[in-house]
Amino acid sequence: MKILIQRVKHAGVNIGGLPYSSIGKGILAFIGVEKGDSILEVEKFAKKTVNLRIFPDENDKMNRSLVDINGEMLIVSQFTLCGDCKKGTRPSFDKSAPPQSANELYEAFITEVQKYGIKTAHGQFGAMMEVSLINDGPVTFMLEGQA
């Protein structure tokens, strides 16, 4: 599983040129599900993402989490995070999970984040989306691996 996390002032998704979902201050999380991923990765990465101390405290040090600031999370599926660009000039997506299992784990991630009391919004799995954001910092992190 790979999750690209961006600290944002606000972020939103349009589908077909129409607003679909949006958040205020919080995290935009792009989720890539790989073959072999399971609910264990979902639980591990949801916990890590909501508790990652990437928001400033009163001394402007990254010392607060999404939970601490009562922030929001926009969760967007992005299988291209699983692309391998090591060989040639065309990415290989052999590591990407099949759509059905990827969607199940994507939906499970949304549910798991909500268990922490986080207000969530999300994209539409498999849709062509336009994602807009104001990156706060910029602050961007990549979480990857297996549980």
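Only the coordinates and a few stated rules stand behind these numbers; no lab work does. Given the structure is predicted, the values throughout are model-derived calculations rather than measurements. Don't worry about glycine lacking a Cβ; one is built from the backbone with ideal geometry, like all the others, and counts go over all protein chains shown.
Express the C-alpha Rg of the chain as a ratio against the empirical globular expectation 2.2 N^0.38 Å, rounded to two decimals.
1.03
Would you mind computing, in nm to one decimal, how far apart the modelled labels at Lys47 and Ile134 are, each placed 7 Å from Cα along Cα→Cβ?
3.5 nm
Quick one: grab Rg to one decimal and Dmax as a whole number for segment 102-147, Cα atoms only, in Å.
My reading of the Cα-based Rg and Dmax gives 13.0, 32 Å.
Note down the Stokes-Einstein diffusion coefficient of segment 77-133 in µm²/s, whole number, using a Kirkwood radius over alpha carbon pairs, 37 °C, and 0.692 mPa s.
248 µm²/s
Give me the percent relative contact order of the chain, please, defined on Cα pairs under 8 angstrom at least 6 residues apart.
39 percent
Could you work out [θ]222 nm for the chain from helices alone, using -39500 (n - 2.57) per DSSP H run of at least four and dividing by all its residues? Round to the nearest 500 deg cm²/dmol. Each step should come with its number before you reach the end.
On the way: 3 runs with 33 residues, N = 147.
After summing the helix terms and dividing by the residues of the chain, the value is -7000 deg cm²/dmol.
Mind pulling the angle between the C-alpha long axis of helix 39-51 and the longest principal axis of the chain? Nearest 10 degrees, somewhere in 0 to 90.
30 degrees
With only Lys, Arg, Asp and Glu charged, each at its Cβ (+1 for the first two, -1 for the last two), find how big the charge dipole of the chain is about the Cα centre; round to the nearest 20 debye.
For the chain, the charge dipole is close to 240 debye.
Projected onto the charge dipole of the chain (+1 at Lys/Arg Cβ, -1 at Asp/Glu Cβ, origin at the Cα centre), which of Cys85, Asn63, Val42 gives the Cα projection farthest towards the positive end?
Highest projection toward the positive end goes to Cys85.
Restricting to the chain, what percent of DSSP beta bridges are antiparallel, rounded to 5?
Values: 28 of 38 bridges.
In the chain, approximately 75 percent of DSSP beta bridges are antiparallel ones.
Expressed in nm², what is the orientationally averaged projection area of the convex hull enclosing the Cα positions of segment 14-99?
Mean shadow area of the hull around the Cα atoms is 8.3 nm².
With the cut-off at 1.5 for a/c, could you classify segment 1-52 from its C-alpha gyration tensor as rounded, prolate or oblate? Display every interim value, and only then the final one.
Values: a/c = 3.06, a/b = 1.53, b/c = 1.99.
Note, shape of segment 1-52 comes out oblate.
Can you pull out the trypsin sites (Lys or Arg not before Pro) in segment 71-125 whose DSSP state is coil and whose Cβ has at most 13 other Cβ atoms within 10 Å?
Lys86, Lys87, Lys115
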